[in-house]
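In what follows, a structure is listed as structure tokens, so that the remarks can point back to it.
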Amino acid sequence: MRHIVEIEKLDHQGRGISKINGKVIFIPNAYIGETVEVEVIKETKKYMEGKVTKYIKTSNNRINYNCPYYHQCGGCNIAHINYEKQLEFKKNTVIDIFKRYANIDINPNICESEDKFHYRNKVVFHIENNKMGFYKDETNLLVPIDSCLLLNQKLNDVIETLTKKLDISELKEILLRTNGEEVLVKITSVNKLLNTNMVFKDKEDKSGEKATRYLKENSIVFNLGDYKYAVTSDSFFQVNTKQAIRLYDKVREYVGFEKLETALDLYCGTGTIAIYISDLCNRVIGVEVNKSSITCANYNKFLNKIDNVEFIEGDVSTVINNKMNPDLIVVDPPRSGLDDKTISIIKEIKPEKIIYVSCNPMTLARDIKKLSEEYEFNDIELFDMFPNTYHVECVCLLNLR
Ligand SMILES: C[S@@+](CC[C@H](N)C(=O)[O-])C[C@H]1O[C@@H](n2cnc3c(N)ncnc32)[C@H](O)[C@@H]1O
């Protein structure tokens, strides 16, 4: 059964929202003001999901996105909207979430991405039945792909080379990461013993002379502002390198330029933020659970000739305690946000400032609410790390009341 509907607004994932007989329907690839013919593909007690079968009236803000896999591979979801409206959508989403979940009115600035395409420095391909691709959104259905408009061109070139040269029949996954010159490749085989890392380097890596053999062979070095970061295939690193610099510059601005005694960088990954703010503090302590990231972080200290930063490997909630006395805590947790134990220890530690970096505005707003008796919300800036997708990165400043 098909219906004709008008799109009233967008949900937080950029899907068009309308109603059929009073029941809400979510429709991907449909924008505000458009009239579409839609087929209902899922129905629950509370809502429906639909698929556009015909555009009857399209919006002036719609653009052509020439990707043959659009809305199949689960990567891009708002690429049919012009960039200005993409930014407006992200800003409105965060405004709405902050009002709903933290009861805070905000009007944040959003820092646009210089690159709207080819900005991703990392990709993971899944392999099945001799085909390489991405999984369809929230499923394990493989969508075979040859190249991707979001990937750094270097990665698209390597895909072409790999698919020509490699027998992928025994492989499960290929991870690629690039700093623009070199490409780090991690191959995971169906037979675990064949798993391997390799680095395609255009030029000799002179910076790694004193590095451990492991890092020499398994990492590539990214330059962010004045700092260098060695990153392995299995450690976290922001996927949009140019935007990462802007985000970390904002963190520096929130730290302030009066030298702090001690700062904690929780969920520190490869030590990116700890090192980036190390000249603004007498001492920085980074905490991270991933062993490979901690190996990188310690090496990155050496790479940047920094000796006022130390890294602790472990779960944040068990490493930090109320005997620590930092002026500042920076947190950059995964999408799930801060767990209750960590929040309660932070409240006991009572740093003057918290800088919260988040890739999920929903858990960010939730955690700010949980901290709100002790901490006053001061400022927020948004960063478009992921053009053409609904994702947005936020940096928030909270001050002790
Ligand atoms: C969003 S990343 C941030 C990394 C880093 N701040 C950066 O900008 O590159 C989150 C990091 O938290 C780490 N992590 C996740 N849960 C953790 C936990 N309970 N304790 C410590 N680290 C954790 C992950 O391994 C990951 O490196």
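Data for the structure
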| read-out | value |
| --- | --- |
| Every residue from region 258-292 that is open to solvent by less than 50 Å² (accessible area, probe 1.4 Å) and assigned to a strand (DSSP E or B) | LEU260, THR262, ALA263, LEU264, ASP265, LEU266, CYS281, VAL284, ILE285, GLY286, VAL287, GLU288 |
| Test: residue in region 368-387 that is at pLDDT 95 or above, of a type in the set (D, E, K, R), open to solvent by 40 Å² or more (accessible area, probe 1.4 Å) and assigned to a helix (DSSP H, G or I) | yes |
| Region 138-151 residues that are assigned to a loop (DSSP other than H, G, I, E, B), paired with ones that are of a type in the set (S, T, N, Q) (beta carbon under 7 Å, 6 or more apart) | SER147/ASN156; CYS148/ASN156; LEU150/ASN388 |
| Residues located in region 240-249, provided they are open to solvent by 20 Å² or more (accessible area, probe 1.4 Å) and within 12 Å of the ligand (Cβ to nearest atom) | THR241, ILE245 |
| Only one of GLY74, GLY50, GLY33 that is open to solvent by less than 50 Å² (accessible area, probe 1.4 Å) and in contact with a Pro (Cβ under 9 Å, 6 or more places away or on another chain) | GLY50 |
| Matching residues, region 227-236, being open to solvent by 10 Å² or more (accessible area, probe 1.4 Å) and within 11 Å of the ligand (Cβ to nearest atom) | ASP234, PHE236 |
| Subset of region 333-352 (residues that are more than 11 Å from the ligand (Cβ to nearest atom) and open to solvent by less than 50 Å² (accessible area, probe 1.4 Å)) | ILE343, ILE345, ILE346, ILE349, PRO351 |
| Criterion (open to solvent by less than 70 Å² (accessible area, probe 1.4 Å), of a type in the set (D, E, K, R) and in contact with a Ser or Thr (Cβ under 9 Å, 6 or more places away or on another chain)) met by exactly one of LYS116, LYS122 | LYS122 |
| GLU88 vs. criteria open to solvent by 20 Å² or more (accessible area, probe 1.4 Å), closer than 29 Å to LYS250 by Cβ and of a type in the set (Asp, Glu) | yes |
| Test: residue in region 241-254 that is in a loop (DSSP other than H, G, I, E, B) and of a type in the set (Phe, Trp, Tyr) | no |
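The values are calculated or read from the model by the stated rules, or taken from the named source; none is laboratory data. Note that the structure is predicted; figures quoted are calculated from it, not measured. Neighbour counts run over all protein chains shown; Cβ positions are idealised from the backbone, glycine included. Note: accessible area is taken over every heavy atom of the protein model, side chains too, but ligands, DNA and RNA are not part of it. Shrake-Rupley method; radii C 1.70, N 1.55, O 1.52, S 1.80 Å.
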